[in-house]
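Here the structure is laid out as structure tokens; the discussion comes afterwards.
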Amino acid sequence: MKKILACLFAVSIIFSGCSMQNVKDEVKEEISDVKEDIKELKDDAKNVYKGKPSKEEYIGEEKAKEIALEKAGITDEGIIYDRTELESDGGRWIYEIDFKKDTTEYEADIDALTGEIISWSVDKD
């Protein structure tokens, strides 16, 4: 009887150890998620302080690229992007996009909130 109780006790300790590891893993994952959320909130707070819109308000880098390609009248096939940056220009947030297709270079400044093309230039070699 003592051997059976000892075995049951050992098995229960093993299973409780496994479940404790699962709990530890879940807690670590939750902590990681919370840290990521805190970082995003801090970034948003800094941006608000600087007058920068939140990520949800921007059109996004991909949409800005689409607008530039549409203006150029070309597809994204064979495009080489030299620069795509989000910058403040006199209090207005813009995507600065420089790209090439074949021997033609394009530069676009696109309003990060509205998608309006602020400046556009094409240089054909």
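The values are calculated or read from the model by the stated rules, or taken from the named source; none is laboratory data. This structure is a prediction, so every number in the text was calculated from the model and none was measured. Keep in mind that these areas ignore ligands, DNA and RNA; they rest on the heavy atoms of the full protein, side chains included. Shrake-Rupley method; radii C 1.70, N 1.55, O 1.52, S 1.80 Å.
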How large, in percent, is the carbon and sulfur part of the accessible surface of region 72-125 at a probe radius of 1.4 Å?
41 percent
Mind jotting down a quarter of the surface of the convex hull over the alpha carbons of region 65-125, in square nanometres, one decimal?
3.9 nm²
Over 24 Å (Cα to Cα) - which of 39/71; 65/100; 65/124; 35/65; 71/124 fall in this group:
39/71; 35/65
